[in-house]
Amino acid sequence: MTEQKKAPSRHRVIMEHRESVSIMGVLDVVAFDEACVVADTEQGVIVVKGENLHVSVLSLENGQLDLDGTIDSITYDEPKYSAKAKGALLSKLFR
């Protein structure tokens with residue numbers, strides 16, 4: 001019996017001076033506005049909160065998301081989300 005090995009994750013988060021963040025391993029951007037960006041990554045749902053956030057690079061083919069603005073926090077949520085969990089997550093974030 002041969003086991004298939006899972007390819008290593010390309011997930012990486014690099015923040016510079018709380019003014020920009022580069023996230024690799026992005027599968028999809030769930031929601032974004034000037035205060036919050038929610039993305040599904042290879043390591044789960046990542047939530048970036050801050051002020052004046054804007055997307056400078058978005059390439060789902062390469063799995064790259066670059067944000068500029070004032071970054072207050074970066075957190076992870078559930079590893080994978082369903083449509084029901086997605087709605088619950090968004091309602092929590094945008095209260």
**OP:** Select, from Val38, Val13, Val45, the only residue that is surrounded by fewer than 20 Cβ atoms within 10 Å (Cβ to Cβ), assigned to a strand (DSSP E or B) and of a type in the set (Val, Ile, Thr).
**Re:** Val13
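Table: residues versus (1) assigned to a loop (DSSP other than H, G, I, E, B); (2) charged (D, E, K, R); (3) modelled with pLDDT of 95 or more.
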position	(1), (2), (3)
Ile23	no, no, yes
Ala31	no, no, no
Glu34	yes, yes, yes
Leu58	no, no, yes
Asp68	no, yes, yes
Ile71	no, no, yes
Lys86	no, yes, no
Leu89	no, no, no
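The values are calculated or read from the model by the stated rules, or taken from the named source; none is laboratory data. Every value quoted in this text rests on a predicted model; they were computed, and no experiment measured them. For neighbour counting, all protein chains shown are included, and Cβ atoms are generated from backbone atoms with ideal geometry for every residue, glycine included.
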